[in-house]
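See below for the structure under consideration.
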Amino acid sequence: MNVTVLIIVAIITIILIIVLSLFGKKDDGKTTKPKSSKFKNEYKIEASYYSGISKNKLNLIILSVILVILFISEFFVIRMVKHKENILKIQKKKYVQKLQTISNKIVAFDEIKKEYKKIKEESSLNNKIIPKKDSPTLSLNYFFNLTDRYSNYMHFDFALSDSGVVKVDKSVKFNKYVLTGKAYLNQIYNFLDQFERQPRFYTIESIALNALDADKRGKIEFSLEILSYYSKANNNEIPKIAKLHKRHLKFNPFYPRIHSPILPKDSLFTSLLDINMAQLVALTDAQAFIKDLQTGLISSLKIGDKVKYGELDFIDWRQQRVIFKINRYGLTEKQYMYIEKTDVINLEKEKL
């Protein structure tokens, strides 16, 4: 109920009580004969004249007034609290808006800072430096430093194939180098990316990339022809390798996603259990006992233990089976092996 309504009801109640108290019925003086008296001719006169407000009614009025004061005080306190609450809500809204504005400005500043850094890096591409000297030793040292920093120590063969003078400018000479080797695509990409963005002036004349077999795990053969320019007319030293942002390729088009089974030659792989030539003979909730049909040996496997091309993924005690995750051809699939009462292997496959 509204506080204002309660106050009005209380005030009306108090006014009614006061009116009834002030204008109530008054009793006249009475002379009564006592029911028993020791003296026959003696009367006891009891006069009770009602005048004014009785003590009980006065207490009731005082309590009612206090109640009204409490109601009024509560009304003003609630009003004051609501007023402050509204002010605080408005201030909170303003502060939230200011905070959001500041956050947006910070994000925008960070984005501007990143863009400025990128623009600064890209602008350095137009400021190439031709040093005053070059030799196979100097260039090879430069290539080594570049691969060590950005290409995870990519290995390559290095050779000087030609040298001469630039036709359009006789003061500028060049050396042609050939780099060949085997590396992962990201290593080659990082090397070429940094090679083009560094301040020293080189040109890449040709690139040849050839995919290797799937068992090489994404490695490719490469061959690069690079021209290194120098001029004695310049007084420039060989510039240091700049610290630039490192970029990566997310996809290797030279590595087949679906391929023939890879057969590692290491002893660890050959010692692993081949589940296509095995039988599940016993099972607990934590271990699977699998018999190698080629050797007759029984292996105890737990979840996560390796087998050829995969691992034991789950032990299904209720259905009396185990589940393997196997990847032979580049696609991971689940293979189920059940406990068999006969000599027939029960092995089901399911692609993931």
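The values are calculated or read from the model by the stated rules, or taken from the named source; none is laboratory data. It should be emphasised that the depicted structure is a prediction, and the values quoted were computed from it without experimental measurement. We place every Cβ from the backbone using ideal geometry, glycine too, and count neighbours over all the protein chains shown.
Being surrounded by 12 or more Cβ atoms within 10 Å (Cβ to Cβ), modelled with pLDDT of 90 or more, under 39 Å from the mean Cα position of the chain (by Cα) and of a type outside the set (Asp, Glu) is true of Phe143.
Every condition in (1) within 30 Å of Lys246 (Cα to Cα); (2) modelled with pLDDT under 75 holds for Ile112 except the one numbered (2). Test Gly296 against the stated conditions and say whether it is within 32 Å of the chain's Cα centre (by Cα), modelled with pLDDT of 85 or more and assigned to a loop (DSSP other than H, G, I, E, B). No; evaluated as a whole, the condition is false for this residue.
Among the conditions (1) within 24 Å of Lys120 (Cα to Cα); (2) part of a strand (DSSP E or B), the only one that Tyr189 does not satisfy is (2). When segment 299-338 is filtered for residues that are closer than 17 Å to Thr270 by Cβ and not in a strand (DSSP E or B), the ones remaining, listed by number, are Asp305, Lys308, Tyr309, Arg328. For segment 225-241, the criterion of being surrounded by 15 or more Cβ atoms within 10 Å (Cβ to Cβ), modelled with pLDDT of 90 or more and either of a type in the set (D, E, K, R) or touching a Gly at 6+ places or on another chain (Cβ under 9 Å) (or both) is met by at least one residue. Which residues, taken from segment 276-286, are crowded, with 16+ Cβ neighbours inside 10 Å and either farther than 16 Å from Ile326 by Cα or at pLDDT below 90 (or both)? Within segment 276-286, Gln279, Leu280, Leu283 meet the criteria. Of all residues in segment 246-275, those satisfying the criterion of being surrounded by 14 or more Cβ atoms within 10 Å (Cβ to Cβ), at pLDDT 75 or above and either assigned to a loop (DSSP other than H, G, I, E, B) or of a type in the set (D, E, K, R) (or both) are Leu272, Leu273. Entry remark, segment 288-320: residues being aromatic (Phe, Trp, Tyr) and touching a helix residue (DSSP H, G or I) at 6+ places or on another chain (Cβ under 6 Å) number 0 in total.
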